[in-house]
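The structure under discussion appears below in the form of structure tokens.
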Amino acid sequence: MTYVALLRAINLAGRNRVAMSALRDFAVTLQLEEPQTLLQSGNLVFRSRARADALERQLEAEVKAHLGLEIDFFVRSASEWASIVARNPFKNEAKRDPGHLIAVLLKDPPGRARTAALQAAIVGREVVRVDGRHAYIVYPDGQGRSRLTNTLIEKTLGTRGTARNWNTVLKLGSVMAAI
């Protein structure tokens, strides 16, 4: 089965530096097949016979010993990734301005109350839709100036997450389809 593993908060502002070659070597050490990386933000595509939840636990347990980091991994199968793309509630934004559309992978699905609290916390023009362990966010004025930060999202939803813009989501889907 083909999987994608997204690493949370690496190579940001000089913190948690990981070379993509080291990430691929790490994957080979864990006997993950055909590891490929995309960009420098911690996107790993590979094949494995293990289940996604077991892979996520294994990656998180082993990364400290191999790369010296304590970081979260978000593992999704190729079919889950295809579902993320298909269930995107912002189809027009995905076509018109994919750089301002973000998919957030979450550790746990937030409840309705937490999702409503996140909606209430928005002070700008951002729009959020939560669907299980995924959130979709449109940042019409850009993410850099927004007050809807990853810290606020995680705190309000009560779970950790990692975000990728829609261009990266689609590229990862293409990489997954190719192996």
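Checking the structure you have, find out if any residue of region 25-42 is touching an Asp or Glu at 6+ places or on another chain (Cβ under 9 Å) and touching a residue at least 40 places away in the same chain (Cβ under 8 Å).
Within region 25-42, the subset touching an Asp or Glu at 6+ places or on another chain (Cβ under 9 Å) is 26-27, 29-30, 35.
Remaining after also requiring touching a residue at least 40 places away in the same chain (Cβ under 8 Å): 26.
So far as region 25-42 goes, yes, one or more of its residues are touching an Asp or Glu at 6+ places or on another chain (Cβ under 9 Å) and touching a residue at least 40 places away in the same chain (Cβ under 8 Å).
Candidates are the residues of region 69-88 that are surrounded by 20 or more Cβ atoms within 10 Å (Cβ to Cβ) and aliphatic (A, V, I, L, M); the one that is farthest from residue 5 (Cα to Cα) is 84. The residue pairs whose first member lies in region 98-122 and is under 21 Å from residue 80 (Cα atoms) and touching a residue at least 40 places away in the same chain (Cβ under 8 Å), whose second member is of a type in the set (S, T, N, Q) and part of a loop (DSSP other than H, G, I, E, B), and whose beta carbons are closer than 7 Å, counting only pairs six or more residues apart or on different chains, are 102/143; 106/159; 107/159; 108/159; 110/159.
Which residues, counting only those in region 70-88, are part of a helix (DSSP H, G or I) and either among the polar types (S, T, N, Q) or under 17 Å from residue 165 (Cβ atoms) (or both)? Spell out how you get there, then give the answer.
So in region 70-88, the residues part of a helix (DSSP H, G or I) come out as 78-86.
Correct list: 79, 81, 83, 84, 85.
A count restricted to region 48-61 and to residues that are farther than 22 Å from residue 159 by Cβ and surrounded by 15 or more Cβ atoms within 10 Å (Cβ to Cβ) stands at 2.
In this structure, does residue 126 turn out to be without any contact (Cβ under 8 Å) to a residue 12 or more places away in the chain and crowded, with 16+ Cβ neighbours inside 10 Å? Can you show your working first?
Values: without any contact (Cβ under 8 Å) to a residue 12 or more places away in the chain: no; crowded, with 16+ Cβ neighbours inside 10 Å: yes.
So residue 126 does not fit the description; no.
Of the strands (runs of 3 or more DSSP E) lying entirely inside region 89-173, those containing at least 1 residues that are over 28 Å from residue 1 (Cα atoms) and either under 14 Å from the mean Cα position of the chain (by Cα) or outside the structural domain of residue 52 (by TED's automatic domain parsing) (or both) span 127-131, 134-138. Across region 37-47, the qualifying residues are those that are farther than 23 Å from residue 108 by Cα and surrounded by 17 or more Cβ atoms within 10 Å (Cβ to Cβ), and the one among them that is modelled with the lowest pLDDT is 38.
Among the residues of region 89-118, those identified as farther than 22 Å from residue 168 by Cβ and either modelled with pLDDT under 95 or surrounded by fewer than 14 Cβ atoms within 10 Å (Cβ to Cβ) (or both) are 108, 111, 112, 113, 116.
The values are calculated or read from the model by the stated rules, or taken from the named source; none is laboratory data. Note that the structure is predicted; figures quoted are calculated from it, not measured. No Cβ is skipped: glycine too gets one built from the backbone with ideal geometry, and neighbour counts run over all protein chains shown.
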